[in-house]
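One structure coming up, written as structure tokens, with questions to follow.
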């Protein structure tokens, strides 16, 4: 059990252990994540420019006609109508699902707010991580929108792909492939950086909790020790007081007994003095009787 003072000290220690914004978060981690998000938005902007390029639409139009869902695209439309339609869908997807959320995220968490407190930094990094995870998760889906499903057969033992996506798909992705890989790398490294930071914060908290627990145990042991000492001292005092009380009571009983004996002795002395007085009176009376002449009787 801890005293109020100890609990106050532990509370102050816990308060001092709360994570605080450091130079690393303020000057390195958060600015770099912001720059990466801006770079990601820039890459999606480049995707939009590619989607608006008629040359790209012409390049992918022919292979695209063999892959798209005819219920969505008009395959009878002249070249490069199908390619342009497909790229307009991709451009809109880049804007609505990535560029716009990134812009909103950066507006929601300006640098001053994100680096002001550890809470602000945590909120920003969590939102940034979620956004980057959605980007990584879209790698195999971003350019497959409105395409038909294709059977993908893989040997589970060797990992060899026995039947994969058609070669036409690689022709469609060719103008975007380099920047797409770079986009995934930036998003993945951002996630890794934030996760590493969160892991370090978690380890720091674990050490702090262990320290607080150890300190609490030490305080409790100290308190228990002094309680035991107090119990021992109190026991000694009570025993000493009990002995003193017993001695006092015995002394009082002895004094009362002595007083009673003295009273009895006094009574005996008074009784003896009374007897001596009576004896003296009898002796005097006897002497007087002896000293009197005996009267002579007549014949």
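Just grab the label-to-label distance for residue 264 and residue 24, each label 7 Å out from Cα along the Cβ direction, in nm (one decimal).
With each label placed 7 Å out from Cα toward Cβ, I get 9.5 nm.
Plugging the Kirkwood radius over Cα pairs into Stokes-Einstein for region 230-289, at a temperature of 37 °C and a viscosity of 0.692 mPa s, what D comes out in µm²/s?
Details: Rh = 15.8 Å.
The Stokes-Einstein estimate is 208 µm²/s.
Further question: Where does each of 44, 271 land when they are ranked from fewest to most other beta-carbon atoms within 10 angstrom? Kindly include the intermediate steps, with their values, before the conclusion.
Numbers: 44 22, 271 10.
Ascending number of Cβ neighbours within 10 Å: 271, 44.
With a point put 7 Å past each Cα toward its Cβ, work out how far residue 283 is from residue 108 in nm, to one decimal.
Between residue 283 and residue 108, the label points sit 13.1 nm apart.
Let me ask something else. What does the extension gain come out to for residue 195 and residue 53, with contour length at 0.36 nm per residue minus their alpha carbon separation? It would help to have the intermediate numbers written out before the result.
Details: separation 142, 0.36 × 142 = 51.12 nm, distance 3.79 nm.
Extending this stretch completely gives an extra 47.3 nm.
Could you sort 253-265, 114-126, 92-104 so that the peptide with the highest average Cβ count within 10 Å comes first and the rest follow in order?
By packing density, highest mean first, the sequence is 114-126, 92-104, 253-265.
Subtract the Cα-Cα distance of residue 243 and residue 130 from 0.36 nm times their separation in residues, and report this length gain in nm to one decimal.
Working it through step by step, the gained length comes to 33.0 nm.
Which order do the peptides 192-205, 227-240, 24-37 take when ranked by the mean count of other beta-carbon atoms within 10 Å per residue, highest first? Please list the in-between numbers first.
Details: 192-205: 13.4, 227-240: 10.1, 24-37: 17.0.
So the order, starting with the most tightly packed, is 24-37, 192-205, 227-240.
Between the alpha-carbon centers of region 26-54 and region 78-121, tell me the distance in whole angstrom.
Spelled out, the Cα-based centre of one part sits 9 Å from the other.
Only the coordinates and a few stated rules stand behind these numbers; no lab work does. Quick caveat: nothing in here was measured; it's all calculated off a predicted structure. Note that each Cβ is placed from the backbone with ideal geometry, even for glycine, and that neighbours are counted across all protein chains shown.
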